[in-house]
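Asker: Pasting in a structure now, in structure tokens, and then I'll have a few things to ask.
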Amino acid sequence: MKKFTDVIIRNSAVVEQDPHVDHKDDDKQRENWTNKREYILSMIGYAVGIGNVWRFPYLAYKNGGGAFLIPYTVMLVVAGIPLYFLESALGQFCSQGPINIWSAVPLFQGVGVAEVLVTALVSIYYNVIIAYSLYYMFASFQYPLPWSECFSPWADAFCGITPIEVCNMTGQPVTNSTLENSTCPGESIGSIPAQSPSEQYWDRVALQRSSGLDDTGPIVWHLALCLLLGWILIAASLFKGIKSSGKVVYFTATFPYVVLLILLIRGVTLEGARDGIEYYIGSQSNMTKLSEAEVWKDAATQIFYSLSIAWGGVTALSSYNKFHNNVFQDTLVVTLTNCGNVFAGFAIFSILGHMAHVSGKHVSEVAQAGFGLTFIAYPEALVQLPISPLWSFLFFFMLLTLGLDSQFAGIEVIGTCLQDAYPEFFRSRRPQVTVVTCTVLFFLGLPCVTRAGIYWVTIMDSFIATWVLLIAGFLEIIGFFYIYGGNRLIEDIEMMIGKKSFWFWLWWRACWFVITPGIILAILIWSLSPFVPPTYGDVEFPAWGLALGWCMALFCIIWIPIVAVYKLLKAEGSLWKRVKCLCSPSDDWHPYLDVHRGERYSKHSRHSPPELQPNAVVIANTSF
């Protein structure tokens, strides 16, 4: 046996690296996805959330049923896919999160800060919705289901299925004793719709809902414990960053589709299912709705939110890709898979059609939006099924997995930004960062599990996850295509995926330059004018509550001008020189590893592991 030393001079001028071959452990300082499957499943899980179950079916039947698919598809092509492609490409190119990618246009770095703040605030109340799902999942272990009938002590005299007779003079239900005592003349007797057992269970047992935002009440402890359990599940799944969450998504990203398929098969076999499906997307489709601007606005908004654009998560998750990953192909896979919410609508409305058949109502009377569909109408429909606890458990367990996937990405955004900002400190402390983040967000979410909690959830959802995202998405396109430069952006993307034809880029230029920003601007203006204050059912919020909602939205947006002004003050030279400098890429804008930078970015060499720098000398010991 003989040992000898083989000296290999790895000089790029001598041995040219193949730009389309990724190296093992491509990034030794900043982790990569173990494989592409974990990335795709994480992105699908992030995009397909709880809102896809309750929001899309409602919007579809509200806006013409099957006719709604036309504007929905158009908006997916001209707004959803272009923005998703842009964010994915930016994160993968520089291997940085939503804040650090703005080293390409430092003046706009506040946009990244706004996206992270939105994600953090949304994570607070989104996990409360997961807590609701957990509570209903545990309640499903009872037989019969606790909301199947008007059980005492929580049900009142207005609980029932048939209309309730009331005395118009007192507003109280009419009883035999009322008639005997002649306290309500016969001509004063009227009727009002009864509250279903599922509705009263949601209000009186699950939420213990107070009369309004002014009546906070104590913490609802069963919801608080479910909230704690939700955060524990998230912290455990993200304890080792994407290395651990990438394994969890094999189940959480695929299980919802399995349950939806099971529910669809069961639903279409039920009597009345055809009426529900036809009302959702069938023969009752109203093509005249296509002439209404509201329909197109709803379609664009649904695409924008269902793909989680401008939340920072798409950029953060893509930043862990290897440099030459085909990000365009991944964009098509994820965005088209996200159209599975159309599939979810069939499963939902087939069972709602059966519910309408059993109760003798029209489908429109049992189909509701938001929380009403998920925690009132659908639980009521599940009661009608044989072995109802099983179907109820599967449905709410599905909601749990949908919510967890979205939360994984939300918390990953925060961790990624901290790690990129202070890599020396946070990179080796990722588990501690995750635990501390989840703990802080848990305590911030406690007001949302008081008796007025559902009102806080509604306000936060109405103000935070709306205009801020539209503004951030609009500025993303303005910053990278108009200021950074469309040609330069395309050259950066071609460094990753290879050269593409003129006709390929012609479409993306048209979208990024005109179509997509025009659509976002139109939606933003349409959403703000006229402004309709949010409500929860018939409960209106006080002025101070609405003001607080605006303050939360402003708290996120205000960082865009604050960061811009701070950077202008910190820069040197005349005002024009400062603006020009901050609209040009900084020295930190480049592919993370030197081996991927090529001639365009070869002058930058920071952050590169020595063994991957082009002029490094590697001593390899080989024994025989």
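The values are calculated or read from the model by the stated rules, or taken from the named source; none is laboratory data. Given the structure is predicted, the values throughout are model-derived calculations rather than measurements. Here Cβ is always computed from backbone atoms with ideal geometry, including for glycine, and neighbour counts include all displayed protein chains. What goes into the accessible areas is simple: the full protein's heavy atoms, side chains included, and nothing from ligands, DNA or RNA. Shrake-Rupley method; radii C 1.70, N 1.55, O 1.52, S 1.80 Å.
Asker: Could you tell me which residue of the range 553-596 is farthest from Val457 (Cα to Cα), considering only residues that are of a type in the set (Phe, Trp, Tyr) and not in a loop (DSSP other than H, G, I, E, B)? Steps first, answer last, please.
Answerer: So in the range 553-596, the residues of a type in the set (Phe, Trp, Tyr) come out as 555, 559, 566, 576, 589, 592.
Those still in the list that are not in a loop (DSSP other than H, G, I, E, B) too: 555, 559, 566, 576.
Details: Phe555: 17, Trp559: 23, Tyr566: 33, Trp576: 44 Å.
Filtering first and then ranking leaves Trp576.
Asker: Can I ask one more? Specify the residue that is modelled with the highest pLDDT; the eligible residues are those in the range 131-145 that are crowded, with 20+ Cβ neighbours inside 10 Å and more than 13 Å from Phe395 (Cα to Cα). Explain how you work it out, then say what you get.
Answerer: In the first step, residues of the range 131-145 are kept if they are crowded, with 20+ Cβ neighbours inside 10 Å; the result is 131-136, 139-140, 145.
With more than 13 Å from Phe395 (Cα to Cα) added as a condition, the list becomes 131, 145.
Working: Ala131: 95, Leu145: 91.
Among those that are crowded, with 20+ Cβ neighbours inside 10 Å and more than 13 Å from Phe395 (Cα to Cα), it is Ala131.
Asker: Against the definition (over 19 Å from Phe480 (Cα atoms) and in contact with a Cys (Cβ under 9 Å, 6 or more places away or on another chain)), how does Ala543 come out, yes or no? Before the answer, list the steps.
Answerer: Working: over 19 Å from Phe480 (Cα atoms): yes; in contact with a Cys (Cβ under 9 Å, 6 or more places away or on another chain): no.
It is false that Ala543 is over 19 Å from Phe480 (Cα atoms) and in contact with a Cys (Cβ under 9 Å, 6 or more places away or on another chain).
Asker: Right, next: Filter the range 491-500 down to the residues that are in contact (Cβ under 8 Å) with a residue 60 or more places away in the chain and open to solvent by 20 Å² or more (accessible area, probe 1.4 Å), then identify the one that is farthest from Ile99 (Cα to Cα).
Answerer: Initial filter on the range 491-500 (in contact (Cβ under 8 Å) with a residue 60 or more places away in the chain): 491-493, 495-498.
With open to solvent by 20 Å² or more (accessible area, probe 1.4 Å) added as a condition, the list becomes 491, 495, 497.
Numbers: Glu491: 22, Met495: 22, Ile497: 24 Å.
The qualifying residue farthest from Ile99 (Cα to Cα) is Ile497.
Asker: Looking at the range 526-549 only, could you name the residues that are among the hydroxyl-bearing types (Ser, Thr, Tyr) and in a strand (DSSP E or B)?
Answerer: Within the range 526-549, the subset among the hydroxyl-bearing types (Ser, Thr, Tyr) is 527, 529, 535-536.
Hits for the range 526-549 are Thr535, Tyr536.
Asker: Among the residues of the range 61-75, how many are at pLDDT 80 or above and crowded, with 22+ Cβ neighbours inside 10 Å?
Answerer: Selection size over the range 61-75: 4.
Asker: So, one more: Output the number of the condition that Leu382 fails; it satisfies all remaining conditions of (1) surrounded by fewer than 22 Cβ atoms within 10 Å (Cβ to Cβ); (2) among the aliphatic types (A, V, I, L, M); (3) within 30 Å of Asp538 (Cα to Cα).
Answerer: (1)
Asker: Has the range 270-291 got any residue that is outside any helix (DSSP H, G or I), open to solvent by 40 Å² or more (accessible area, probe 1.4 Å) and among the hydrophobic types (A, V, I, L, M, F, W, C)? Don't jump to the end; show me each part of the working.
Answerer: Keep residues of the range 270-291 that are outside any helix (DSSP H, G or I), which gives 270-272, 282-286.
Now narrow it down to the ones that are open to solvent by 40 Å² or more (accessible area, probe 1.4 Å): 271, 283-284, 286.
Filter again for among the hydrophobic types (A, V, I, L, M, F, W, C), leaving none.
Looking for residues that are outside any helix (DSSP H, G or I), open to solvent by 40 Å² or more (accessible area, probe 1.4 Å) and among the hydrophobic types (A, V, I, L, M, F, W, C), one finds none in the range 270-291, hence no.
Asker: Still on this structure: Considering each residue of the range 501-522, count those that are open to solvent by 40 Å² or more (accessible area, probe 1.4 Å), closer than 14 Å to Leu489 by Cα and either in contact with a Leu (Cβ under 9 Å, 6 or more places away or on another chain) or touching a residue at least 24 places away in the same chain (Cβ under 8 Å) (or both), and give that number.
Answerer: Looking only at that region, the number is 1.
Asker: Having 3 or more residues that are in contact with an Asp or Glu (Cβ under 7 Å, 6 or more places away or on another chain) and either open to solvent by less than 10 Å² (accessible area, probe 1.4 Å) or among the hydrophobic types (A, V, I, L, M, F, W, C) (or both) is the bar; report the helices (runs of 4 or more DSSP H) wholly within the range 293-342 that clear it.
Answerer: Details: elements: 293-306, 313-318, 327-337.
Hits in the range 293-342: 313-318.
Asker: So which of Arg429, Arg488 ends up being modelled with pLDDT of 85 or more and either farther than 30 Å from Thr216 by Cα or surrounded by fewer than 24 Cβ atoms within 10 Å (Cβ to Cβ) (or both)? Steps first, answer last, please.
Answerer: Values: Arg429 fails: modelled with pLDDT of 85 or more.
Only one candidate qualifies: Arg488.
Asker: Can you work out which of the residues in the range 343-360 that are open to solvent by 30 Å² or more (accessible area, probe 1.4 Å) and under 14 Å from Gln384 (Cα atoms) is modelled with the highest pLDDT? Quick ask: steps written out before the conclusion?
Answerer: Initial filter on the range 343-360 (open to solvent by 30 Å² or more (accessible area, probe 1.4 Å)): 343, 346, 357-360.
Keeping just the survivors that are under 14 Å from Gln384 (Cα atoms) gives 357-360.
Details: His357: 80, Val358: 76, Ser359: 72, Gly360: 75.
Here the answer is His357.
Asker: Considering only residues that are within 24 Å of Lys500 (Cα to Cα) and of a type in the set (Phe, Trp, Tyr), look in the range 321-347 and name the one that is nearest to the chain's Cα centre (by Cα).
Answerer: Taking the range 321-347 and keeping what is within 24 Å of Lys500 (Cα to Cα), we get 321-336.
After this cut, where a residue has to be of a type in the set (Phe, Trp, Tyr) as well, the list is 323, 328.
Numbers: Phe323: 25, Phe328: 21 Å.
It comes out as Phe328.
Asker: Continuing with the same structure: Could you please find all residues in the range 238-256 being open to solvent by less than 70 Å² (accessible area, probe 1.4 Å) and under 21 Å from Phe138 (Cα atoms)? Give the steps one after another, and end with the answer.
Answerer: Taking the range 238-256 as the starting set, the residues that turn out to be open to solvent by less than 70 Å² (accessible area, probe 1.4 Å) are 238, 241-242, 244-246, 248-249, 252-256.
If the condition is that a residue be open to solvent by less than 70 Å² (accessible area, probe 1.4 Å) and under 21 Å from Phe138 (Cα atoms), then Thr252, Phe255, Pro256 are the ones that fit.
Asker: If you check every pair at least six apart or on different chains, which have Cβ atoms under 9 Å apart with a residue in the range 220-245 that is outside any helix (DSSP H, G or I) first and a residue that is basic (Lys, Arg) second?
Answerer: Filtered contacts from the range 220-245: Val220/Arg451; Leu238/Arg430; Phe239/Arg430; Lys240/Arg430; Gly241/Arg430.
Asker: Scan the range 80-109 for residues that are touching a Gly at 6+ places or on another chain (Cβ under 9 Å) and either more than 14 Å from Asn321 (Cα to Cα) or at pLDDT below 90 (or both) and jot them down.
Answerer: Leu83, Gly97, Pro98, Ile99, Asn100, Ile101, Trp102, Ala104, Val105, Leu107, Phe108
Asker: Hey, does the range 94-107 have a residue that's surrounded by 23 or more Cβ atoms within 10 Å (Cβ to Cβ), hydroxyl-bearing (Ser, Thr, Tyr), over 16 Å from the mean Cα position of the chain (by Cα) and not in a helix (DSSP H, G or I)?
Answerer: Scanning the range 94-107, I find at least one residue that is surrounded by 23 or more Cβ atoms within 10 Å (Cβ to Cβ), hydroxyl-bearing (Ser, Thr, Tyr), over 16 Å from the mean Cα position of the chain (by Cα) and not in a helix (DSSP H, G or I), so the answer is yes.
Asker: Consider Val595 carefully, then state whether it is open to solvent by less than 50 Å² (accessible area, probe 1.4 Å) and on the phi < 0 side of the Ramachandran plot. Full working, then the answer.
Answerer: Details: open to solvent by less than 50 Å² (accessible area, probe 1.4 Å): yes; on the phi < 0 side of the Ramachandran plot: yes.
For Val595, the condition - open to solvent by less than 50 Å² (accessible area, probe 1.4 Å) and on the phi < 0 side of the Ramachandran plot - is met.
Asker: Pairs, please: C-beta under 9 Å, at least 6 apart or cross-chain, first residue in a loop (DSSP other than H, G, I, E, B) and among the polar types (S, T, N, Q) and in the range 143-159, second modelled with pLDDT under 85 and open to solvent by 60 Å² or more (accessible area, probe 1.4 Å)?
Answerer: none
Asker: Could you list, in sequence order, the residues of the range 19-45 that are open to solvent by 80 Å² or more (accessible area, probe 1.4 Å) and modelled with pLDDT under 80?
Answerer: His20, Lys24, Asp25, Lys28
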